[in-house]
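Student: Below is a structure I'd like to ask you about.
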């Protein structure tokens, strides 16, 4: 195949004195230059010299120049038998070249110009040929010419391994020509594996043709056969000088070759080999952003490691151990784990996982934890140390197997007790602390709320003891513990304590070691849940979006549920703001998370959101059935959550205009004096006309702090009671206070889904509604009977309240941020997600987060609708793009 991209680059060789095509074996150097030379020879005199091992430079070069019409003298034999030329002979040759009527081009293929005296003579010839000689060096080793001087005067054309690497499109063409047809993603996998290496692609093509199912073996085709390894051994490794060969083998154990690590592995004398590694053309590349550091191509690294293990197995083990010690000392636990796992030093692997605070990473990120997860999951069952048993317990819990986790925790405790009893060296404090934290994490999944809380408290005591006695400071583990404490407190209904625990955990991010992103995302997700439960709806939305952005699309593990919790918080906010479709969407995303099966809190709250959305859609029976089953299931282990289910059922019955149903549901509430229960009961009793009982319930509320929803419900109950007593002024004052209290958060649900008395209260003062435009969303305005209750018909209970606006348009509850407005402007210009990300220099995921926020705040579900809505609100100026927005609704 013709590589037109590189042929265009070689066109510059017709104007420069020196062209260097320097790359490892099998990169297509000769094939490319030959294709270029075949075209050049038609226009200008061109010579080609191919060098074998027993050939010398000057005889062949001078002979080639002679064929091109330059009178060239015979070289003389040097002291060591090498053919050399004198300075006067060089001058004669240079004058002959300069006198040529046309520029001459000579290709030297396969000669390694490493002798300084030859390089000086060749440089002299190029300098004194008056630009009439163009030399093309095709080599595996950089010449010792002063390349910097050629670069300074634009006299050098260079092509190196990165330039010769096949693009995915070129790789697809090569494979297709070889009879292999792959999907684009499979081509990309093969090409990424070989880094565009031409020979590697040819070997892959052969393997894929022989396989018969090329798509299946695409990613590993390069290493599936022995051909590629034999090629690399014969053409790359075994042709090196002995000291270079040994350097390549011994440094292959490292992922990144830094000067300090190379010194630890091979001694200080190896540093100069590292410096010149990029010029040896041995499939090594500089590490971006790390000056002086290199890494081997994956396929070459695998060959080197296999060869080292074959030739010197003891040295292979020793080097991995040395590298692990160095990495651990430098604060690189992931790399240290990789080295220890390679030599199956499993007790050391387990100890390092605990000592480097990897327990929190394993539990929060699961399979996404990289080397830590790989090392932990390979830990054999017969490694009997307490640390090993604890690591296996952590892996089991991350996979959702609480039973296996309990068994491994029991083994860890037994071995810890045995170590204490026999007088042998006891486990480190990090083992005791991690054991307690993992058990607390397990308890949040399967134990009753009270038991989970006790274990979290006990883990806190053990951790504090380890901090005092051993200076243990593991931010990830502490963050995980605060998460357990916060979830346990939430399950008990102690939202103030839950908030304190979550915020304490997030404060650990200020630690220099920081928090694992999974733990931070989880803490934020649960803090958003607390915000939503307390009625801080705007804050809940912001915190949930921050959690989702941090999670960045990673799937939740069985332990950490940040993504699920964040979506549940957003669903609760949408429900309270009377956006049932959005609520159902977020609940569906949360329910689809594999983590939800082990999280009673998120499971229960998701059922609440789904039930509210079902009732808003007119399916009261399904909503009540769902809530009843949930309350029954949670009654023994999570009584507070079970009460929330019953209270929600009562509210739904009230919204449907069935106060008797709501009243009977309240009889099952186990803690009727809790603020939310008292507030719901007050509204239900007001609907039933039991005004004395309303006063009793309101009295309980005044004595205890309550959340926003409870305060608003209490004020509505007070207003309904005053209205029934014909105390119009007091009723209006209570309604006004409730509206002003709910307005900053956009809390519509108590008003739009209130019972008949609440609807009468709202209808009693239309002027008050005009002052609270936020209460209405776009939709059909119900027709109310004059002088009667607007919600006496249950079918009307969920309809929007009347909207009286000065401009006839609703306004968003929350203002758009500056970044969201910028994204909105790009949406109006019909840019897709990737184009917006490139324009704003942000990630695609960040753009998606901004778009989600825009759709939610503008109460729409499509991008074109958001643009149109923004124009209605004056957030975007009218321009020529408005007419084409609908046509581009699917754009991006």
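Each value in this text was obtained by applying a stated rule to the coordinates, not by laboratory testing. As the structure is a prediction and not an experimental result, all values here were calculated from the model. So basically every Cβ, Gly included, is an ideal-geometry build from the backbone, and we count neighbours across all protein chains shown.
Student: If one takes the longest principal axis of the Cα atoms in the chain, at what angle in degrees, from 0 to 90 and to the nearest 10, does the Cα axis of helix 495-507 lie?
Tutor: On a 0 to 90 degree scale, this one is about 20.
Student: In what sequence do 408, 312 fall when counting other Cβ within 10 Å, fewest first?
Tutor: Ascending number of Cβ neighbours within 10 Å: 312, 408.
Student: Among 304-311, 145-152, 523-530, 121-128, how do they line up from the highest to the lowest mean number of other beta-carbon atoms within 10 Å?
Tutor: 523-530, 121-128, 304-311, 145-152
Student: Follow-up. If you average the sequence gap of Cα pairs under 8 Å that are 6 or more apart and divide by the length of the stretch 234-330, what percent do you get for the contact order?
Tutor: This gives 30 percent for the stretch 234-330.
Student: Extending each Cα 7 Å along its Cβ direction at residue 729 and residue 119, get the distance between those two points in nm, one decimal.
Tutor: 10.2 nm
Student: Contact order normalised by length for the stretch 441-590, with contacts defined as Cα pairs under 8 Å and 6 or more residues apart; what percent is it?
Tutor: 18 percent
Student: For the chain, what does the helix formula give at 222 nm: sum of -39500 (n - 2.57) over DSSP H segments with n ≥ 4, over the residue count, nearest 500 deg cm²/dmol?
Tutor: -18500 deg cm²/dmol
Student: Separate question: If you restrict to DSSP beta bridges whose two residues both lie in the stretch 1-146, what percentage is antiparallel, to the nearest 5?
Tutor: That works out to approximately 10 percent antiparallel.
Student: Going by average Cβ neighbours within 10 Å, how do the peptides 63-74, 751-762, 331-342 rank, with the highest at the top?
Tutor: Put in order of decreasing packing, that is 751-762, 331-342, 63-74.
Student: Let me ask you something else. On a 0 to 90 degree scale, rounded to 10, what angle separates helix 728-742 from the longest Cα axis of the chain?
Tutor: For helix 728-742, the angle is close to 10 degrees.
Student: Continuing with the same structure: Between residue 504 and residue 162, what FRET efficiency comes out of the Förster formula 1/(1 + (r/R0)^6) with R0 = 51 Å and r the beta carbon distance, rounded to 0.05?
Tutor: Rounded to the nearest 0.05, the efficiency is 0.55.
Student: Tell me, what is the percent relative contact order of the chain, built from C-alpha pairs under 8 Å that lie six or more residues apart?
Tutor: 5 percent
Student: Using Cβ contacts closer than 10 Å as the measure, can you line up 730, 411, 483, 615 from fewest to most?
Tutor: 730, 411, 615, 483
Student: Using only Cα atoms, find the angle between the long axis of helix 475-491 and the longest principal axis of the chain, and express it within 0 to 90 degrees, rounded to the nearest 10.
Tutor: Helix 475-491 and the main axis of the chain meet at about 20 degrees.
Student: May I pose another question? If you take every DSSP beta bridge whose two residues both sit in the chain, what share of them, in percent to the nearest 5, is antiparallel?
Tutor: The antiparallel fraction comes to roughly 25 percent.
Student: Say R0 is 35 Å: what FRET efficiency, to the nearest 0.05, do residue 240 and residue 178 get from their beta-carbon distance?
Tutor: Calculated value: 0.70.
Student: To continue, here is another question. At what distance in angstrom do the alpha carbon centres of the stretch 338-387 and the stretch 467-494 lie from each other?
Tutor: 22 Å
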